[in-house]
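First the structure, in the form of structure tokens, and then the observations on it.
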Amino acid sequence: MQRFEFLGRFARNRGALVGACLILVVALMAVFASVFFPTDPLRIVGLPELWPGEDPEFPLGTDSLGRDILSMIVHGARATLLIGLFASAVATIIGVGVGAVAGYFGGWVDEVAMRAAELFQTIPNLIFVLTIVVILGSTLTNIVIAIGIVSWTPIARMTRAEFLSLRDREFVQACRSMGMSDFRIIVSEILPNALPPVIVLSSLVVAGAILFESAVSFLGLGDPNVASWGRLVGDGRQLIRSSWYICAIPGIAIMITVLCLNLVGDGLNDALNPKLRDR
Amino acid sequence: MAGELASPTPALRGSARRTAALRLLRRRLIQAVPLMLGVVVINFCLIQMAPGSFLELMTAENQVSDPATVELLRKTYGLEDPVWMQLLKYIWALLHFDFGFSYRQNMPVIQAIWIHLPATILLMVSSITLAVTIGVAAGVVASMKVRTFWDSLVSIAAMFFYAAPSFWLGIMMIVLFSVKLGWLPVGGMMKIGGSGGVLDILHHLILPTLALGLFYAAIYTRVMRSSMLEVAQLDFVRTARAKGLSRNQVTIHHVLRNALLPVVTILGVQMGTVLAGSVVIESVFSWPGVGSLLFDSVSSRNYPVVLGIMVLGSLVVIAANIAVDLVYMWLDPRIEIR
């Protein structure tokens, strides 16, 4: 019953609904990329620098080498979304872990955890990501881990705040008096109650992670085997005088995806906190 | 972090406020020491994880193969010591403002950074100024005309600039304003061969500032709008209206000042992000700042410079956060910051 109410509140937010639908489209694109475009997207298939609409075979045109831009965008969706999701997962795992322990135990544990969070907020984030990627190598895994490492602090703060407010409630005290272990109380009693606002934040971290990844790839430090959208913008940069659409199209794809993720995040937030909806 | 409400103490005045500010400053400076130490240790360890020492790269690049020379270099750079010893030596050197030597620029690291610093500071300051000005103005307009055409327009614009990658926005603005219209230069900081007059630099500064600043303007707009709406519902605002003050007077003197607090907070938190964002923007616009230096050093694995930029960048962020705390205290005297 409560779940339906939640869905209803989410669906009433038009922006969030449109965002969710578009995200679904992008996700389907990513999943079925090889069905729509079975050939390697990085293969040369036509004349170079065909403008969008110039040749019906290539609705979004071709790049400087004659590769199909639509095919590259559809295949790039997979890389971009996966990196965003996994980086957000890494950030959420670190953030929830640190925040839960800090909020539950308090005292010096809390102090150390919050100083660590402050430390990671102090180091300029993108510079840190670039350095990690350069030192450990430009592979997908390293990029995902690097983005996760710079994105966990807000999640840790949020989780900590939730744990602080929940740890002395009656149900937790009851568990404690029953002799339940701290670990079990944290994982099976408090965490499920603390999770909803954390999930909202994680969805926003996906958007941030996509922007991070696109910047890394744009600078030419991304995984050379992966054609993410950021890299497509970077590749097209040399040709902005003659064929600026090569840059414009992948950028629009990034913008729409990030925009929709933000809309969904806002919608989830409003649906979870109905009191704040009319801000 | 800024703005943790300790207790609603009555407003401090005059000298009491000054001592409170000094006490805050002292506490913040003491807290900054372990923070800085952490920054140095983390980054130092990170760089130790790099495959191959930078000495190998350096000798390869300069085609040094004589084993005696390599050995001499190894000694000069202290690479014979165990890692913890190198770390301690590095920290000791940092305390004397010695960031090491950059073989690529053939000058001390601190000097290499110093040369590039003014351009980056200029870009950061102009972008933040633009972001705060636009953000506050747009947020105020949207909140005063809430649920009208103007409110929607501001919100939609903010959503778009919040989602657009800054480097892409920069390229698109180059296409429009430089390539198509020819109004503004494509990149660089001054005309080639120019002496760098103020007007020339300003002319080159417009596009990078917009590309970097509009993202933050979008954030401040959203924060300012919701903050204005929140403050406007508080009791003291109703009291001010009941005293007979006009709506505009109340908005400017009562609501605006209090609504600024969250903007100031995130401004401090985001200082590091702005610095990092300028790396990308400097690359798009060939802006000769620290970002270009970093990009060059990262690509050539010139780690002393990378480490130096990280340490100095973090120092800037900490300083900015302390400044923000002081501004916060000045804006809201009720708040005693922990």
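When restricted to residues that are small (G, A, S) and not in a helix (DSSP H, G or I), the stretch B:100-134 contains 2. Of the residues making up the stretch B:80-92, one or more are over 21 Å from B:M49 (Cα atoms) and either without any contact (Cβ under 8 Å) to a residue 40 or more places away in the chain or surrounded by 15 or more Cβ atoms within 10 Å (Cβ to Cβ) (or both). Here B:V290, B:V305 are screened, and the one residue that is within 29 Å of B:C45 (Cβ to Cβ), touching a strand residue (DSSP E or B) at 6+ places or on another chain (Cβ under 7 Å) and either surrounded by 19 or more Cβ atoms within 10 Å (Cβ to Cβ) or of a type in the set (G, A, S) (or both) is B:V305. Checked against (1) closer than 19 Å to A:V258 by Cβ; (2) loosely packed, with under 13 Cβ neighbours inside 10 Å; (3) polar (S, T, N, Q), A:N13 passes all but condition (2).
Only a single criterion out of (1) open to solvent by 40 Å² or more (accessible area, probe 1.4 Å); (2) within 14 Å of another protein chain (Cβ to nearest Cβ) is not satisfied by B:T239, namely (2). Among the residues of the stretch B:290-307, is any touching a His at 6+ places or on another chain (Cβ under 7 Å) and aliphatic (A, V, I, L, M)? Within the stretch B:290-307, one or more residues are touching a His at 6+ places or on another chain (Cβ under 7 Å) and aliphatic (A, V, I, L, M).
A single member of B:V175, B:V146 is within 11 Å of chain A (Cβ to nearest Cβ), without any contact (Cβ under 8 Å) to a residue 40 or more places away in the chain and of a type in the set (A, V, I, L, M, F, W, C), and it is B:V175. Test B:P288 against the stated conditions and say whether it is out of contact with any Cys (no Cβ under 7 Å at 6 or more places or on another chain), assigned to a helix (DSSP H, G or I), more than 9 Å from chain A (Cβ to nearest Cβ) and not aliphatic (A, V, I, L, M). Answer is no for this residue.
Only one of A:V18, A:V45, A:V31 is closer than 27 Å to B:I156 by Cβ and open to solvent by 50 Å² or more (accessible area, probe 1.4 Å); which?
Result: A:V18 is the single residue among A:V18, A:V45, A:V31 that is closer than 27 Å to B:I156 by Cβ and open to solvent by 50 Å² or more (accessible area, probe 1.4 Å).
Within the stretch B:245-256, not a single residue is open to solvent by less than 10 Å² (accessible area, probe 1.4 Å) and either among the basic types (K, R) or within 10 Å of another protein chain (Cβ to nearest Cβ) (or both). Whenever a residue of the stretch A:65-87 is at pLDDT below 85, its partners that are among the β-branched types (V, I, T) and open to solvent by 10 Å² or more (accessible area, probe 1.4 Å), lying with C-beta atoms within less than 6 angstrom and at least six residues away or across chains, give the pairs A:L65/A:I44; A:G66/A:I44; A:R67/A:I44; A:D68/A:V45; A:I69/A:I249.
Determine, yes or no, whether B:A232 is within 14 Å of chain A (Cβ to nearest Cβ), at pLDDT 85 or above and out of contact with any Lys or Arg (no Cβ under 7 Å at 6 or more places or on another chain). I'd like the intermediate steps shown before the answer.
On the way: within 14 Å of chain A (Cβ to nearest Cβ): yes; at pLDDT 85 or above: no; out of contact with any Lys or Arg (no Cβ under 7 Å at 6 or more places or on another chain): yes.
Taking the combined requirement at face value, the residue does not satisfy it.
For the stretch A:13-59, a tally of residues being part of a loop (DSSP other than H, G, I, E, B) and aliphatic (A, V, I, L, M) returns 4.
For the stretch B:32-78, the tally of residues that are loosely packed, with under 14 Cβ neighbours inside 10 Å, of a type outside the set (G, A, S) and modelled with pLDDT of 75 or more stands at 11.
Take B:V186 and tell me if it is open to solvent by 30 Å² or more (accessible area, probe 1.4 Å) and at pLDDT below 90. Taking the combined requirement at face value, the residue satisfies it. Across the stretch A:130-146, the qualifying residues are those that are assigned to a helix (DSSP H, G or I) and touching an Asp or Glu at 6+ places or on another chain (Cβ under 8 Å), and the one among them that is most open to solvent (accessible area, probe 1.4 Å) is A:L140. Filtering the stretch A:104-125 to residues that are among the hydrophobic types (A, V, I, L, M, F, W, C), in a helix (DSSP H, G or I) and open to solvent by less than 60 Å² (accessible area, probe 1.4 Å) leaves A:V109, A:A113, A:M114, A:A116, A:A117, A:L119, A:F120. I'd like to check something: does the stretch A:260-274 contain any residue that is under 24 Å from A:P41 (Cβ atoms) and either of a type in the set (V, I, T) or modelled with pLDDT of 90 or more (or both)? Looking through the stretch A:260-274, at least one residue is under 24 Å from A:P41 (Cβ atoms) and either of a type in the set (V, I, T) or modelled with pLDDT of 90 or more (or both).
Residues in the stretch B:156-175 that are among the small types (G, A, S) and either buried (at least 19 other Cβ atoms within 10 Å of the Cβ) or within 13 Å of B:I281 (Cα to Cα) (or both): B:A158, B:A163, B:A164, B:S166, B:G170. Set side by side, the residues B:L312, B:L326, B:L245, B:L294 differ, and just one is part of a helix (DSSP H, G or I) and either free of Cβ contacts under 8 Å to residues at least 12 places away in the same chain or farther than 19 Å from B:Q31 by Cα (or both), which is B:L294.
Checking B:M271, B:M224 one by one, the residue that is closer than 23 Å to B:S127 by Cα, among the aliphatic types (A, V, I, L, M) and over 16 Å from the mean Cα position of the chain (by Cα) is B:M224 and no other. Taken as a whole, the condition of being touching a residue at least 12 places away in the same chain (Cβ under 8 Å), under 20 Å from B:A119 (Cβ atoms) and either open to solvent by 50 Å² or more (accessible area, probe 1.4 Å) or within 10 Å of chain A (Cβ to nearest Cβ) (or both) applies to B:L275. For the stretch B:248-258, a residue qualifies if it is under 30 Å from B:V317 (Cα atoms) and either of a type in the set (D, E, K, R) or touching a residue at least 60 places away in the same chain (Cβ under 8 Å) (or both), and the qualifying residues are B:L256, B:R257, B:N258. Does B:V198 satisfy the criteria of being among the β-branched types (V, I, T), at pLDDT below 85 and open to solvent by 70 Å² or more (accessible area, probe 1.4 Å)? Judged against the criteria, B:V198 is a match.
Does any residue of the stretch B:177-186 turn out to be of a type in the set (K, R) and more than 24 Å from A:M255 (Cα to Cα)?
no
The values are calculated or read from the model by the stated rules, or taken from the named source; none is laboratory data. Keep in mind that what you see is a predicted model, and the values were worked out from it rather than measured. Quick reminder, even Gly has a Cβ in these numbers, built from the backbone with ideal geometry, and neighbours come from all protein chains shown. Please note that ligands, DNA and RNA were not included when accessible areas were found on the heavy atoms of the full protein model with its side chains. Shrake-Rupley method; radii C 1.70, N 1.55, O 1.52, S 1.80 Å.
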